[in-house]
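Comments concern the structure below.
The values are calculated or read from the model by the stated rules, or taken from the named source; none is laboratory data. None of the values given here were measured: they were computed from a predicted structure. Here the Cβ is made from the backbone with ideal geometry for all residues, glycine too, and neighbour counts use every protein chain on show. Surface areas here come from the heavy atoms of the whole protein model, side chains and all, with no ligands, DNA or RNA. Shrake-Rupley method; radii C 1.70, N 1.55, O 1.52, S 1.80 Å.
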Amino acid sequence: MSKTALLVIDMINTYDHKDADLLLPSARRVVPVVADLLGRARDLSVPVIYVNDNFGEWRSHHGELLDEALSGPYGCLVQPVKPDSDSLFVLKARHSVFFETPLEYLLRQQDIGHLVLTGQVTEQCVLYSALDAHIRHFEVTVPRDAVAHIHEDLARAALEMMERNMGACVCTSQDLWR
């Protein structure tokens, strides 16, 4: 049986983009849930992998992105979900966590076959990552209360697509690791 990993998608964020005002209310609700999942995953020795947009800063690394997000006006949304020293970090350039990243190689090397997707944005990066995970034969779980959205109607549709079309388990965060 393969292992499970918790993926944290795009939560290291300055919220300095055109959809930020629409995203922030949902992100504020999701941050405590993701923080709780991070604590539970770490207590159970479940690998935690942050996959984060590089915001076009091609010379940056995860420490620089984290420092910038923590020191910005929304650092309070980043602080509770920041990586610890055991967390892995993959920078991405586009919506999917798999597109042009070493993530699949890392997962295969670690014998990880089940991904719990958390983060933002449900109807964009989470959806595309779930699809790419599905076509790569990874098992996918998406806790609906641990993913933030810009448009609630599109997020509901995205979660339904993940469940119906990709066989993802869509649940609540409390349903994990019982």
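Data overview
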| read-out | value |
| --- | --- |
| So Val116, is it touching a residue at least 60 places away in the same chain (Cβ under 8 Å), out of contact with any Pro (no Cβ under 9 Å at 6 or more places or on another chain), surrounded by 19 or more Cβ atoms within 10 Å (Cβ to Cβ) and among the aliphatic types (A, V, I, L, M) | no |
| Conditions (1) at pLDDT 90 or above; (2) open to solvent by 10 Å² or more (accessible area, probe 1.4 Å); (3) of a type outside the set (Phe, Trp, Tyr); number of the one not met by Arg94 | (1) |
| Residue match in segment 121-131 (condition: open to solvent by 40 Å² or more (accessible area, probe 1.4 Å), charged (D, E, K, R) and touching a residue at least 24 places away in the same chain (Cβ under 8 Å)) | no |
| Inter-residue pairs, beta-carbon under 8 Å, first among the aromatic types (Phe, Trp, Tyr) and in segment 36-51, second open to solvent by 30 Å² or more (accessible area, probe 1.4 Å) and assigned to a helix (DSSP H, G or I), 6+ apart | Tyr50/His62 |
| Failed item, numbered, when Cys76 is tested on (1) more than 17 Å from the chain's Cα centre (by Cα); (2) part of a loop (DSSP other than H, G, I, E, B) | (2) |
| Matching residues, segment 10-30, being hydrophobic (A, V, I, L, M, F, W, C), at pLDDT below 95 and open to solvent by 40 Å² or more (accessible area, probe 1.4 Å) | none |
| Matching residues, segment 2-48, being part of a strand (DSSP E or B) and in contact with a Cys (Cβ under 9 Å, 6 or more places away or on another chain) | Ile9 |
| Qualifying residue in segment 56-78 (condition: under 21 Å from Arg29 (Cα atoms), acidic (Asp, Glu) and open to solvent by 10 Å² or more (accessible area, probe 1.4 Å)) | no |
| Residues being surrounded by fewer than 20 Cβ atoms within 10 Å (Cβ to Cβ) and farther than 22 Å from Thr4 by Cβ - total across segment 135-149 | 0 |
